[in-house]
Every structure is written in structure tokens, then in C-alpha cells.
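Notes for the one structure printed next.
The values are calculated or read from the model by the stated rules, or taken from the named source; none is laboratory data. Predicted model, so just to flag it, every value in this text is computed and none were measured. Positions of Cβ are backbone-derived with ideal geometry, glycine not excepted, and every protein chain shown enters the neighbour counts. Surface areas here come from the heavy atoms of the whole protein model, side chains and all, with no ligands, DNA or RNA. Shrake-Rupley method; radii C 1.70, N 1.55, O 1.52, S 1.80 Å.
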Amino acid sequence: MRKKVFISGKIPDIAFEMLSQHFDVTMHNELRLLTKEEIMAGVAGKDALLSLLSDPIDANIIRSNPNLKVIANFGAGYNNIDVNEATLRRIPVTNTPDVSTEATADLTIGLMLAIARRIVEGDKTTRADKFTGWAPLFHLGVEVSGKTLGIVGMGNIGKAVAKRAKAFNMPIIYYSRTRQSAEVEDELGLQYMPLEDVIKQADFLSFHLSYNPSLKHMVGAEQLGQMKKTAFLINAARGPLIDEAALAEALKTKVIAGAALDVYEFEPKVTPALLALDNVILCPHLGNATVETRNAMAQIAAENIIAVLQGGKPFTCVNPEAIK
């Protein structure tokens, strides 16, 4: 009897095609996200779940199917999954690491340029027929070149952002839980500092941390108050790193100059106070939203499921203790 796979959202066709060669596959074929009850119903009787980063795969969902053999998350992050519960039930959980690096770094630089040069505001002005001609003081932004970039989290994405920032002749300061080697620091032109100093000295403060609950609101009113009034905050990592209410107040009162966000504390909802502000750019989680990256993510997720259901080990397992 062929094993069964449930895909909880519409993803690139390559995953469905790969999995269908070996298993019976059911895929939720709409952009609408499933409710918890719908996910539970969909995974019932299945051997594998291919879940989305936006799906809360909690203990109740995992317990609802004693036959579940693998959970493959479509995303590098996996804080949406109760990994402890999966491990207790010896269910490997996999993710799609690394392939998001270049796309997310590209977007980060795009956000920096857009907020510094007020590109989104300019688009709105032009569409509203308010552009009356070039003038010396019209719609002034600030230059990115030569400004100090502060990076919080120097993993693969942080390093990819640093490589791009070198082309803008930006001094790069950083804080990370693990300091980079002297060779990497020299190659990328990095200067390691305590987090507080990075926050205080950066002209652009960009976050590239993986998330865990201990990092919630690592930037709140106190940290925002330590930033330069001319500084910009960029977050393309995880929304809960930033206290959005405090950020909205800091932007409204010009404690900092601006912000560009691709992720949100209560995603997909955005703190209402942010929506009324012109000095913040709000993107709908586009970090790795490229054809190339999403296809690669789909392929990795499918390969992990195929490996486990055919008796092998997954390639990108986040809880290897589940399969020892």
C-alpha cells in the first residue's frame, strides 16, 4: 500500500511531482491558510506532513495522528512546530536551510535603499499626481553609501548582507552569539561589538537572528531610545524580536528616522499604529520570495519526506535525537 502525504498549502509544483512518484499526495491547493482543525483533518491517516512556516503545528495536531512519521517544514525556521512533542514521538522534523540566504540578503539591501531614499513614498507621490517637477529640496532622502551598518546575527544571511554592504563602502559592526573568526572578520570588514554598542552606533540596524522565545522584544523602547535619531531599523528575520508598539511610538515621535519591516510580531497582522506612518516600509514577508528559492525549498522538503518514508534518514533534520 502506498504511503500518504499531506501538504498543508499551495507550494511549487516540483514538490507535488516528486512526492507523487512514490506516494499518494493530497495538497491544499489554495493560497488561503488552513485552520488548525483543517490541518488536523488533512493530516489524519497520513504518513507525512509537509507544513508551511505559517502553520502552527502544535502538540494537539501531532498527537492527533499516531501514524505520522515525518514533518517537513517549508521554511528555514521551525518555531511554528512543537519540536519537543515531535521528538517525544520520535518524529523527525526537517526544514529548508541555506537556500534562502541570497534572496533574503538581496531583500535586506532593497529595504535599506527603499527606506533611505524614500522610494515607496515617492511612488505614492507620483501616483497621486503630486510630482510637479524637480526641485532642490523636494523629497530628500539620505545616502546609504559610507554609512555604518550594524548587523545583529552573523549567520549565513548576516554574512551575505555584509558582502553586499561592502559594495556601498559601509563600515560594518556586528553582534552575534558566536563571534566570527578573525579570517572572516578581515574578509568581510567586520568589527565585533557588544549589542548595546551596535545599537548605539549603527546608521542602519539590521536583524538576522534565528528566533527563540528568549529573544522576544530584544528591541523595545529602551533600545530604540539608544539608537541615533537619524538611524533606520531593518527587520527581515523574525517579527517578535521587535516590540512593535514601541517601534510605532519611536517612529511617530521621531526617536529614530525610519524602519523597514518584512516580518511582524503578530504576523500576518500588523500593529495598526504602523499602518498610518510614512517613515516605515511594510513588506508581506518577501524575504525568500523568489521563484528560484521557493522551488529549492520545495525540493528539499520533498527529498526529506521521500528519504524518511523509504526508510532512510532526512537530510536537514532539526531534531536528530528523534531518529537515534
Going by the conditions given, is Ala76 within 30 Å of Gly45 (Cα to Cα) and either part of a helix (DSSP H, G or I) or touching a Leu at 6+ places or on another chain (Cβ under 7 Å) (or both)? no
Taking only region 149-181 into account, find how many residues are open to solvent by 30 Å² or more (accessible area, probe 1.4 Å) and among the hydroxyl-bearing types (Ser, Thr, Tyr). 3
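Return the total of residues in region 285-324 being of a type in the set (Asp, Glu) and surrounded by 15 or more Cβ atoms within 10 Å (Cβ to Cβ). Even if it seems obvious, please write down each step before you answer.
Of the residues in region 285-324, the ones of a type in the set (Asp, Glu) are 292, 303, 321.
If we keep only those that are surrounded by 15 or more Cβ atoms within 10 Å (Cβ to Cβ) too, we end up with 303.
Residues in region 285-324 being of a type in the set (Asp, Glu) and surrounded by 15 or more Cβ atoms within 10 Å (Cβ to Cβ): 1 in total.
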Regarding Glu30, is this residue open to solvent by 30 Å² or more (accessible area, probe 1.4 Å), outside any loop (DSSP other than H, G, I, E, B) and closer than 28 Å to Pro284 by Cβ? no
Which of the residues belonging to region 237-277 are within 17 Å of Glu121 (Cα to Cα), of a type in the set (A, V, I, L, M) and assigned to a strand (DSSP E or B)? Ala259, Ala260, Leu261
Which is open to solvent by 30 Å² or more (accessible area, probe 1.4 Å), β-branched (Val, Ile, Thr) and modelled with pLDDT of 95 or more, of Val142, Val93? Val142
Could you say which residue among Ile173, Ile151 is more than 18 Å from the chain's Cα centre (by Cα), within 24 Å of Gly220 (Cβ to Cβ) and not in a loop (DSSP other than H, G, I, E, B)? Ile173
If you go through region 236-248 one residue at a time, do you hit one that is open to solvent by less than 30 Å² (accessible area, probe 1.4 Å), more than 24 Å from Asn80 (Cβ to Cβ) and either touching a Cys at 6+ places or on another chain (Cβ under 6 Å) or not aromatic (Phe, Trp, Tyr) (or both)? yes
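Specify the residue that is surrounded by the most Cβ atoms within 10 Å (Cβ to Cβ); the eligible residues are those in region 108-139 that are of a type in the set (Val, Ile, Thr) and over 29 Å from Gly150 (Cβ atoms).
First, pick out the residues of region 108-139 that are of a type in the set (Val, Ile, Thr): 108-109, 115, 119-120, 125-126, 132.
This time we only want the ones that are over 29 Å from Gly150 (Cβ atoms), so: 125-126, 132.
Working: Thr125: 15, Thr126: 11, Thr132: 8.
Taking the candidates together, the pick is Thr125.
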Every pair of residues 6+ apart whose Cβ atoms lie under 6 Å, when the first sits in region 177-205 and is touching a residue at least 60 places away in the same chain (Cβ under 8 Å) while the second is in a helix (DSSP H, G or I) and crowded, with 16+ Cβ neighbours inside 10 Å: Phe204/Met112
Go through region 65-84 and give me each residue that's more than 21 Å from Ser214 (Cα to Cα) and either in contact with a Cys (Cβ under 6 Å, 6 or more places away or on another chain) or open to solvent by 50 Å² or more (accessible area, probe 1.4 Å) (or both). Pro66, Asn67, Lys69
